[in-house]
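Down below is the structure, laid out as structure tokens.
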Amino acid sequence: MDQAPGSPQGPQEAQSLPTCYRHPDRETGIRCTRCERPICPECMVDASVGFQCPECVRSGSGTGHAPAASQPRTLAGGTVAADPRLVTKILVGLNLALFLVQLSVGDRFTERFELLGLAYVPGLGSVEGVADGQWYRLVTSMFLHGSVIHIAFNMLSLWWIGGPLEAALGRARYIALYAASGLAGSALTYLIAEPNQPSLGASGAIFGLFGATAVLMRRLNYDMRPVIALLVINLIFTFGWSNIAWEAHIGGLVGGVVIGYAMVHAPRGRRTLIQYGVCALVLIAVVVMTFVRTGQLT
């Protein structure tokens with residue numbers, strides 16, 4: 001964390017930060033503006049001045065009004081939930097459940113729901129694809145995977161990145177980010193990839209979470225080197241490994257950065273309007289790309 005110029009700093013302080021009072025394993029440079037206890041991003045609640053801890057917000061400490069009037073809010077303005085990882089858990093469970101269905105039913109199920117522009121599918125005995133009116137493939141492909149390694153890597157990334165981000169944004173905003181980023185990745189893949197090239201995986205949405213996490217860490221003045229290093233490694237795999245739909249990764253990343261910036265930088269007075277307005281603009285871009293590509297293929 002940055003320190004004000006000219007402030008004293010001893011050898012011990014220069015090497016370590018205080019830890020969150022609720023999560024002793026997490027270092028943080030943020031303190032509650034009321035009780036001054038150190039709080040991590042998962043615990044901080046956006047207040048009119050700085051950040052507060054959940055206890056001060058719930059008790060209405062120093063607010064001059066009833067505790068019920070002080071609803072805990074996340075950094076992005078969402079409601080603080082009792083289980084800040086609930087949506088991430090549901091997403092992981094949904095992906096795992098559908099992967100088990102893929103293993104049980106076989107290729108016919110995967111071929112019915114994976115992302116495909118327009119091509120004859122021998123297993124189904126017909127011409128299939130988004131251009132044939134199967135727009136649902138833009139969504140369903142986000143929850144399918146091609147192998148155990150594929151889903152294992154994606155779910156580990158989702159758990160590691162998604163949990164803290166869900167806590168920082170709130171459930172509704174987190175869902176909007178995940179869905180819009182995933183659709184942006186699907187739409188760019190549909191627009192650029194060969195029409196007979198199938199694609200599937202949660203990578204587009206997960207890259208969106210990467211992008212939003214980078215924006216959030218920048219907003220909090222955190223050390224960005226770990227997330228940048230992880231993102232670079234993923235991009236190396238994206239462009240250096242065969243059979244990876246790089247279009248989905250780039251589309252999701254761009255969507256995540258744009259939406260993430262709106263989530264954490266929107267002014268308080270119009271925060272909700274700007275946040276969901278930007279999500280709507282990304283979805284409009286998805287629709288435009290889909291219409292353009294469909295017009296090219298039909």
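In a simple Cβ point-charge model (Lys, Arg +1; Asp, Glu -1; nothing else charged), the chain has a dipole of about 800 debye relative to its Cα centre.
Net charge in the neighbourhood of Leu116 (other residues with Cβ under 14 Å of its Cβ; Lys, Arg +1, Asp, Glu -1) is -3.
Which of the peptides 270-281, 205-216, 73-84 is most tightly packed, and how do the rest follow, judged by the mean count of other Cβ atoms within 10 Å per residue? Walk me through the numbers before you get to the answer.
Working: 270-281: 16.0, 205-216: 26.7, 73-84: 17.8.
The peptides rank, most packed first, as 205-216, 73-84, 270-281.
Extending 7 Å from Cα along the Cβ direction at Ser59 and again at Ile228 yields two label points whose distance is 4.0 nm. On the basis of the beta-carbon distance and an R0 of 41 Å, Asp83 and Asp107 show a calculated FRET efficiency of 0.65.
Potential lengthening of the chain between Val288 and Cys35 amounts to 86.1 nm, from the contour at 0.36 nm per residue minus the alpha-carbon distance.
Using a cutoff of 8 angstrom between alpha carbon atoms and counting only pairs six or more residues apart, the relative contact order for the stretch 86-297 works out to 23 percent. In this simple spin-label approximation, Ile236 and Arg26 carry label points 7 Å from Cα along the Cα→Cβ vector, and these lie 2.9 nm apart. Under the simplified labelling scheme, the Ile149-Glu194 pair shows an inter-label distance of 2.2 nm, with each label point 7 Å from Cα along Cα→Cβ.
We did not get these values from a lab; they are worked out from the coordinates using the rules stated. Predicted model only: the values in this text are computed from it and were never measured. Glycine gets a Cβ as well: all are built from the backbone with ideal geometry, and neighbour counts include every protein chain shown.
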